[in-house]
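Have a look at the structure below before the remarks.
The values are calculated or read from the model by the stated rules, or taken from the named source; none is laboratory data. In this text the structure is predicted, and so the values were computed from the model without any measurement. Cβ: placed from backbone, ideal geometry, glycine included. Neighbour counts: every protein chain shown. With ligands, DNA and RNA removed, areas are computed over all heavy atoms of the protein, side chains included. Shrake-Rupley method; radii C 1.70, N 1.55, O 1.52, S 1.80 Å.
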Amino acid sequence: MVAIIDYDAGNIRSVEKALQFLGQETTVTRDAGTILSADKVILPGVGSFGDAMGKLRQYKLDRVIYEVVEHNIPFLGICLGLQLLFERSDETPGVEGLGILKGEILRIPDTPGLKIPHMGWNSLTFPNEGRLFMGVGKESYVYFVHSYYLKAADESMVTAATEYGTYIHASVESGNVFACQFHPEKSSETGLKILKNFVEL
């Protein structure tokens, strides 16, 4: 069973639908026992970094996520879910992220001809081998919606990257923790392959 963490963020249902399409039993929940008994856990979401951290703390889900990581349950952060795993974000100065992974979330720099937020399809490069990308072709396209991007402190954890006004760390893997800045659930066949790789870990 795949637990999808419910913390009042947007875009949770589209992740659930993609997993159900793959034949996965899913539950959208904020119940600690349900999350900790799941085979896999996903933290999706779109929205503001500061608001999201406030909700995670309000529902005591920050503690549950630390336990998931400690218990070695495969965990996937998507979009805002990736950003929350890190230490801080330019979007909400002074608000601490979960700090499970080292790095910071920066605003995409203004670049002539490029709109912010970055909304659309970008191709990926794979600087390091990643379990999420097994069987995914080079230069595969995935769908992004974001104004802020990850700069990981340890580049060896970066398994996918893209360019949009700057070099963007698009996916990371560290132990049982996986995260994507892009939306696999909106990325057609490539995205479904990435989600399938995660649920089959």
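Listing for the model above:
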read-out	value
Answer from Pro109, Pro93 - the residue that is surrounded by fewer than 16 Cβ atoms within 10 Å (Cβ to Cβ), outside any helix (DSSP H, G or I) and without any contact (Cβ under 8 Å) to a residue 12 or more places away in the chain	Pro93
Qualifying residue in the range 120-143 (condition: modelled with pLDDT of 95 or more, open to solvent by 30 Å² or more (accessible area, probe 1.4 Å), touching a Leu at 6+ places or on another chain (Cβ under 9 Å) and closer than 24 Å to Ile4 by Cα)	yes
Tabulated pairs, the range 143-158, first farther than 17 Å from Ser123 by Cβ, second hydroxyl-bearing (Ser, Thr, Tyr), C-beta under 7 angstrom, 6+ apart or interchain	Tyr148/Ser89; Met157/Ser174
The one condition in (1) over 17 Å from Gln83 (Cα atoms); (2) of a type outside the set (S, T, N, Q); (3) under 16 Å from the mean Cα position of the chain (by Cα); (4) open to solvent by less than 20 Å² (accessible area, probe 1.4 Å) that His183 fails to fulfil	(1)
Filter result (open to solvent by 10 Å² or more (accessible area, probe 1.4 Å), of a type in the set (A, V, I, L, M) and more than 15 Å from Glu185 (Cβ to Cβ)) within the range 18-37	Ala32, Leu36
Complete set of residues in the range 152-168 that are surrounded by fewer than 22 Cβ atoms within 10 Å (Cβ to Cβ), assigned to a strand (DSSP E or B) and in contact with a Gly (Cβ under 9 Å, 6 or more places away or on another chain)	Ala152
Residues located in the range 1-17, provided they are buried (at least 21 other Cβ atoms within 10 Å of the Cβ) and more than 27 Å from Pro93 (Cβ to Cβ)	Val2, Ala3, Ile4, Val15
Residue list for the range 49-89, filter: outside any loop (DSSP other than H, G, I, E, B), under 22 Å from Gly130 (Cα atoms), open to solvent by 20 Å² or more (accessible area, probe 1.4 Å) and of a type outside the set (Asp, Glu)	Val69
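Residue-wise test of (1) of a type in the set (Val, Ile, Thr); (2) assigned to a strand (DSSP E or B); (3) more than 18 Å from Asn197 (Cα to Cα).
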residue: Trp121; (1), (2), (3): no, yes, yes
residue: Pro127; (1), (2), (3): no, no, yes
residue: Gly135; (1), (2), (3): no, no, no
residue: Leu150; (1), (2), (3): no, yes, yes
residue: Ser171; (1), (2), (3): no, yes, no
